[in-house]
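Notes follow the structure.
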Amino acid sequence: MHISFLKVFLIAGFGLVFSSIAIANEDSRKQEIAKRFAACDKNHDDKLTKEEAKGCMPRIYEHFSYLDTDGKGYVTVAQIQAAASR
């Protein structure tokens, strides 16, 4: 009985550790996206056009129409972060 409790405790502990790592990774991913977005947003309007993404964020450029769901001609950092979280 004691061993079973210990196993459950260890499994739960590992689950919490991995959850914490996942949250930390998510936060660092969002920070990295925001940093790259800011560097690419040449006119600092908080909107990234396909042309701005072209040489700076090639994966965004390649999938621009998928990310620009409203067809506005630009994407926001929040849209990119949401897509990266899927």
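Listed here are the residues, each with its yes/no results for (1) surrounded by fewer than 14 Cβ atoms within 10 Å (Cβ to Cβ); (2) polar (S, T, N, Q); (3) part of a loop (DSSP other than H, G, I, E, B).
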{"site": "35", "(1), (2), (3)": "yes, no, no"}
{"site": "38", "(1), (2), (3)": "yes, no, no"}
{"site": "42", "(1), (2), (3)": "yes, no, yes"}
{"site": "46", "(1), (2), (3)": "yes, no, yes"}
{"site": "60", "(1), (2), (3)": "no, no, no"}
{"site": "66", "(1), (2), (3)": "yes, no, no"}
{"site": "72", "(1), (2), (3)": "yes, no, yes"}
{"site": "80", "(1), (2), (3)": "no, no, no"}
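Can you find a residue in region 4-13 that is modelled with pLDDT of 85 or more, open to solvent by 80 Å² or more (accessible area, probe 1.4 Å) and among the basic types (Lys, Arg)? Talk me through it step by step, then tell me what you get.
Here is the first cut: in region 4-13, the residues modelled with pLDDT of 85 or more are none.
No: region 4-13 contains no residue that is modelled with pLDDT of 85 or more, open to solvent by 80 Å² or more (accessible area, probe 1.4 Å) and among the basic types (Lys, Arg).
Go through region 34-65 and count every residue that is free of Cβ contacts under 8 Å to residues at least 12 places away in the same chain, among the polar types (S, T, N, Q) and closer than 14 Å to residue 79 by Cα.
1
The values are calculated or read from the model by the stated rules, or taken from the named source; none is laboratory data. In this text, all values refer to a predicted model and were calculated from it rather than measured experimentally. Heads up, the Cβs are rebuilt from the backbone with ideal geometry, glycines too, and the neighbour counts pull from every protein chain shown. Just so you know, the surface numbers come from the protein's heavy atoms only, side chains and all, with ligands and any DNA or RNA stripped out. Shrake-Rupley method; radii C 1.70, N 1.55, O 1.52, S 1.80 Å.
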